[in-house]
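Take a look at the structure set out below.
Each reported figure results from applying straightforward, stated rules to the coordinates on display, with no laboratory input. Bear in mind the structure is a predicted one, so any value in this text is a computation, not a measurement. Glycine gets a Cβ as well: all are built from the backbone with ideal geometry, and neighbour counts include every protein chain shown.
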Amino acid sequence: MSNFDYLMYLNRLSNRSFNDITRYPIFPWIISDYSNEELKINNKYQYRDFLKPVGIINEASRRRAEEYFQYLKDDPLPIRKPFHFH
């Protein structure tokens, strides 16, 4: 079974379909470098770091997430517990 077939199987189990735009199949985001025209499969720098969530994939987004967390943490009338990204 190929990776694509496996992902499609998982999407079908989740009732995802190409027929409904609100339930469109989901595929993981694994590539981090879209500037090169050629994908070198053995180059580890062309893949995203799976130790980090997609929301903090680069330094700028990590910084924004930290600032947002600090903003929520310092709120004198907190509505909810602080979290890193939304």
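Figures for the structure shown
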{"quantity": "Loop-located chymotrypsin sites (Phe, Trp or Tyr not before Pro) in the chain, at most 12 other Cβ atoms within 10 Å (DSSP)", "calculated": "18, 29, 34, 50, 83"}
{"quantity": "The range 49-63 - phi-based ³J(HN,Hα) in whole Hz, Karplus 6.51/-1.76/1.60, Gly and Pro as x", "calculated": "7, 6, 6, 10, x, 4, x, 10, 6, 10, 4, 5, 6, 5, 4"}
{"quantity": "Binned Cα-Cα distance frequencies in the range 1-70 - 5 Å width, integer %", "calculated": "3, 13, 16, 14, 18, 17, 14, 5, 0, 0"}
{"quantity": "Within the range 32-86, GluC sites (Glu not before Pro) in DSSP loop having at most 14 other beta-carbon neighbours inside 10 Å", "calculated": "37, 38"}
{"quantity": "Gain upon complete extension [residue 64, residue 40; 0.36 nm per residue less C-alpha separation]", "calculated": "5.6 nm"}
